[in-house]
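Colleague: So that we are looking at the same thing, I have put the structure below in C-alpha cells.
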Amino acid sequence: MRHFRSVWLFIGLLLAYTTLVSAQSEFKYSYMPKKVYENQLFAVTIMAIGKSDSDMPFFTFDRSSRTQALFSKPLVVQNGNDSFYTFYFKASDQDIRIPSLFISTQNTEATLESKTIFIKNLKKREDFSNVLAADMKIKNSQVSHYDEKNHIVTLSIEAFEANLEDMKLNGVQESDIDSLTRDNAKVEAEFYVVLPVEEKVLKFTYFNTIKKQYVFLEVPVVVVDATVSTQSDLNPKEDSFEKLKKYTFMTLVVFFFIMFLFRRDFFYLVFGVISLITLLTFYIPHKKICVTQGASLYILPTNTSTISTKINQEFDTMLLGEREGFKKVEYKEGIIGWVKNEDLCNN
C-alpha cells in the first residue's frame, strides 16, 4: 500500500512540475487589432505567462515576410508573474499580415501563427495633416521671417503611435519634417511650414486612433523675439537683458564716481573705471563679415536645420552671433539666420 502511495505521489509531483514548466513556456497574443487605418502605427503584444525575469525570450518574426516590426526589440512590461512584449508595426494601404513569430528561451521554443489585420478606410478632410496618432501635441513653436511675403513656422511635436513622417499640410506653399526620432510608441519631430505673412493662425487636424475622431490643433503665427521663445537666439540683434545690463552699469558708473568725489577714496575710482570700461563694451560695433553668393541661410545653427532662403548675391553684413561652424547674420531687413563658416568670403 505504501508502495502505491509513493508511486501516486511521484506521479502527482511530476504532473505539477510539468504544469509549471508548461505555464512558464506559454506564449500568446494578448493584443492584436482586427482592423487599422492606412498608414496607422499600431501595437501587437505578446503575453508570457509565468515567465521568470531571468529567462528573457528571443523573438524572431518570419524573415521571409516583407512585414516586419519597426524595432527588433520589444517594449517589455512586467505585471506580477506575467510579462508583456509589445512590437510596433506600420500599416500600408492593403490588408497587413503579421508574420509567424518564433520564440525561444533557455527552456522552451514556441511559435505563434501569422495573423491578418484588415485595413479600414478613413474619410479624409481638407485640413487633415495625414497623421494618425493615439495622442499628439505641439510642445513648442517658432515663427521667423522666411522672405518678404512669407513666414516660416517651426513646430516641435510629440506624439504616440503616430506616423509623423507622413505629415503634410494642404494649401500651403511648403511643409515638411525636418528631423524625427522614435522610441517605440513615442515619436518626436521638428516640422516646418511656409505661410503668407497675412496668415495669423495655423490650423490643422490629426486623427486620434483612441477617440476615433479628428482633433484640431492650432498655433498663432506671430513673430516674437527669439530670446524669449522656446528656441532661443534665432532672431534678435539684442537679447532681452541687453538694456538692463546697460542701465545697471550706467548706474554703477555714476554711483562710484559720486562716491569718489565725496569720499576721495581710490577704491571707488577703480570700480568706477571698471564699470565704465564694461559699459563701453556694449557699444562696440559688431564685426563685419562677407557672405558669398549662393550661401544657404539656416533657421538654426545645425546641419539638419531648415534652409529659410538662399543668398542671391555676395554682401557685407554685421556679425550678430557665433555657434560652432556657423555665423548669425541679417540678410535683409527682418530676415535673420545662420550661415556656415565655409560660406564666408575668403578675403
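Colleague: Quick check on my filter: what residues within region 140-162 are outside any strand (DSSP E or B) and either assigned by TED's automatic domain parsing to the domain that holds Ile335 or not small (Gly, Ala, Ser) (or both)?
Modeller: Tyr146, Asp147, Glu148, Lys149, Glu161
Colleague: I'd like the residue in region 82-104 that is touching a Lys or Arg at 6+ places or on another chain (Cβ under 8 Å) and surrounded by fewer than 18 Cβ atoms within 10 Å (Cβ to Cβ) and, out of all such residues, is modelled with the lowest pLDDT.
Modeller: Looking at residues that are touching a Lys or Arg at 6+ places or on another chain (Cβ under 8 Å) and surrounded by fewer than 18 Cβ atoms within 10 Å (Cβ to Cβ), I get Asp82.
Colleague: Then there is this: Out of region 140-188, which residues are farther than 26 Å from Glu38 by Cα and of a type in the set (S, T, N, Q)?
Modeller: Asn140, Ser141, Gln142, Ser144, Asn150, Thr154
Colleague: Follow-up. On the given criteria, is Thr116 crowded, with 18+ Cβ neighbours inside 10 Å and not in a loop (DSSP other than H, G, I, E, B)?
Modeller: So Thr116 does not fit the description; no.
Colleague: Looking at region 116-148, which of its residues are without any contact (Cβ under 8 Å) to a residue 60 or more places away in the chain and of a type in the set (Val, Ile, Thr)?
Modeller: Residue satisfying the conditions is Thr116 alone.
Colleague: For region 105-139, which residues satisfy the criterion of being of a type in the set (Val, Ile, Thr), modelled with pLDDT of 90 or more and closer than 29 Å to Thr60 by Cβ?
Modeller: Correct list: Thr111, Thr116, Ile117, Ile119.
Colleague: Only one residue in Met32, Met47, Met56 is at pLDDT below 90 and not hydroxyl-bearing (Ser, Thr, Tyr), so which one is that?
Modeller: Details: Met32 fails: at pLDDT below 90; Met47 fails: at pLDDT below 90.
After applying the criteria, what remains is Met56.
Colleague: Looking only at region 124-139, which residues are of a type in the set (A, V, I, L, M, F, W, C) and part of a strand (DSSP E or B)?
Modeller: Correct list: Phe128, Val131, Leu132, Ala133, Met136, Ile138.
Colleague: Out of all the residues in region 306-316, which are under 22 Å from Cys290 (Cβ atoms) and at pLDDT below 75?
Modeller: Result: Ser308, single match.
Colleague: Mind listing just one residue for me: the one in region 172-215 that is part of a strand (DSSP E or B) and of a type in the set (S, T, N, Q) and, of those, nearest to the chain's Cα centre (by Cα)?
Modeller: Thr181
Colleague: Quick one: count up the residues across region 174-207 that are surrounded by 16 or more Cβ atoms within 10 Å (Cβ to Cβ) and either among the polar types (S, T, N, Q) or farther than 30 Å from Asp147 by Cβ (or both).
Modeller: 7
The values are calculated or read from the model by the stated rules, or taken from the named source; none is laboratory data. Here the structure is a predicted model, which means the values were calculated and not measured. Note that each Cβ is placed from the backbone with ideal geometry, even for glycine, and that neighbours are counted across all protein chains shown.
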